[in-house]
1. Taking the conditions exactly as written (surrounded by 11 or more Cβ atoms within 10 Å (Cβ to Cβ) and either in contact (Cβ under 8 Å) with a residue 12 or more places away in the chain or of a type in the set (A, V, I, L, M, F, W, C) (or both)), does SER337 satisfy them or not?
2. So which of ILE103, ILE108, ILE121 is open to solvent by less than 50 Å² (accessible area, probe 1.4 Å), at pLDDT below 85, of a type in the set (Val, Ile, Thr) and in contact with a Leu (Cβ under 8 Å, 6 or more places away or on another chain)?
3. Do you know which residues across the stretch 29-41 are over 32 Å from the mean Cα position of the chain (by Cα) and open to solvent by less than 70 Å² (accessible area, probe 1.4 Å)?
4. Which of (1) open to solvent by 50 Å² or more (accessible area, probe 1.4 Å); (2) among the small types (Gly, Ala, Ser); (3) at pLDDT 80 or above is the odd one out, the single condition ALA69 does not satisfy?
5. Does any residue of the stretch 77-89 turn out to be buried (at least 16 other Cβ atoms within 10 Å of the Cβ), under 28 Å from ALA331 (Cβ atoms), out of contact with any Pro (no Cβ under 7 Å at 6 or more places or on another chain) and at pLDDT below 85?
6. Give me a count of the residues in the stretch 359-390 that are at pLDDT 70 or above and either more than 19 Å from LEU254 (Cβ to Cβ) or among the β-branched types (Val, Ile, Thr) (or both).
7. Return the residue satisfying two criteria in turn: it lies in the stretch 101-133 and is of a type in the set (S, T, N, Q) and assigned to a helix (DSSP H, G or I), and of such residues it is farthest from ASN206 (Cα to Cα).
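The values are calculated or read from the model by the stated rules, or taken from the named source; none is laboratory data. This is a predicted model, so every value here is computed, not measured. Reconstructed Cβ throughout: ideal geometry from the backbone, glycine too, with neighbour counts over all protein chains shown. With ligands, DNA and RNA removed, areas are computed over all heavy atoms of the protein, side chains included. Shrake-Rupley method; radii C 1.70, N 1.55, O 1.52, S 1.80 Å.
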Amino acid sequence: MVKSNGDNPIRKVLGLGYWVQGFRCFPWMAVNFFLKDGLNVDPSTLQLLQNSANLPMVAKPLYGILSDAVYISGQHRIPYIAIGAFLQAVSWIPIAIMSPSSISVLTISIYLLLSNLGASIAEVANDAIVAEAGKQSISSKNSGKSSSGELQAFVWVASSAGGILGNLLGGVAIDRFSPQGMFLFFGILLSLQFFLTIIVHERSLNLPRSSTNPEHLKIESSVLGISKVLGQAALLLWGVIYNRHLKSVPSRKLISSIQVSMAVFMISDMLFVKGVYRDMGVPDFVYVVLFSGLSEVLLFFKILPFSVLIPQFCPPGCEGSLMAFVMSAIALAFIVSGCLGVALSSYVGVTASNFSGLPHGLIIQAICTLLPLSCSWCIPDDVKAKDKGNANAKDRRKDSKKQQ
């Protein structure tokens, strides 16, 4: 059996990680008794709480995207395993040390959500390491077919062993120890995993690295920083201009104009990618500084007229809930658009080393940006404009009556 130099560190990290995740059944067995006997939670509420605590598991694709794209101190797997262990530890230990009389159902629900969030993040990072290491084994000239599935079998055994031991010990411990004692034991175990994980550097795992440099334009980070500064300055200037000159413009017209401007900037980005501006003698860094930062904040321009328009139609007493709903909808839109962006990039064939499909992606993005204009009629007229129009109509009727 052929072993790579990074085989042992990988086995240590993944073996511990998968074993701990399998062992999670140990504290969760105690949760049922703690809620039922300690907090006197009725069965229906208990069932609802347990199911809702699994919500963080639904967002695993987002954690995967984050782990793939965002590096922490030059690493993008080990830090997320450590973060997952830490989040779990800080959720179980407080439950263990708090007095049952001071714990509410809402409090323990939040802690359980936090625990599952940490578990989800750790599981995604662990699975990514297995996939990367497995890919390396398959592509290696010196590794046989049997070694490509060896790591997968190893982590499966580790997880199963953790689950078996967790259920066996849980069944014994639940009769001899308090649920909070079991929470404390698992919290200490997670703390140990956290400290053992952070002392491992990802380089020791010998994971495959990209052989290409995705920084295609070779633009310095200082130039990108200046571009973002100009974008933020444009946001500030937008607020001043709107307050002085654009408040009287109907919201429907203003929002539609911004939407069209966003599409125009996307078409401009497509021309930039195809090298049109470079052929005209405009250096890449000039376009990035002057236009990229501005195009990034165009979406935020549209939020201002919306935030002015919406309160005008808000029923009295509902301002807080309505604005919270609007802000939540905007946040959800950012998340959905980010995921769709990843899907679009994959569809047009954009990778870290191949940008040939990027112009097509930008054209599709511009078309999708223009589509909401077909629903612009749904944007109501401003209340002030309506009131002004009604007042003018009343004045005209009064004048006509006087003339009669």
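1. No, not satisfied.
2. ILE103
3. Matches in the stretch 29-41: PHE34, GLY38, LEU39, VAL41.
4. Looking at each condition in turn, ALA69 falls short on (3).
5. The answer is no; no qualifying residue exists.
6. Residues in the stretch 359-390 being at pLDDT 70 or above and either more than 19 Å from LEU254 (Cβ to Cβ) or among the β-branched types (Val, Ile, Thr) (or both): 12 in total.
7. Looking at the filtered set, the residue picked out is SER101.
A quick yes/no check of all residues on (1) open to solvent by 60 Å² or more (accessible area, probe 1.4 Å); (2) over 20 Å from the mean Cα position of the chain (by Cα); (3) touching a residue at least 12 places away in the same chain (Cβ under 8 Å); (4) more than 27 Å from PRO214 (Cβ to Cβ):
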site	(1), (2), (3), (4)
ASP284	no, yes, yes, no
PHE301	no, yes, yes, yes
PHE325	yes, no, no, yes
VAL342	yes, no, yes, no
SER353	yes, yes, yes, no
CYS368	yes, yes, no, no
SER376	no, yes, yes, yes
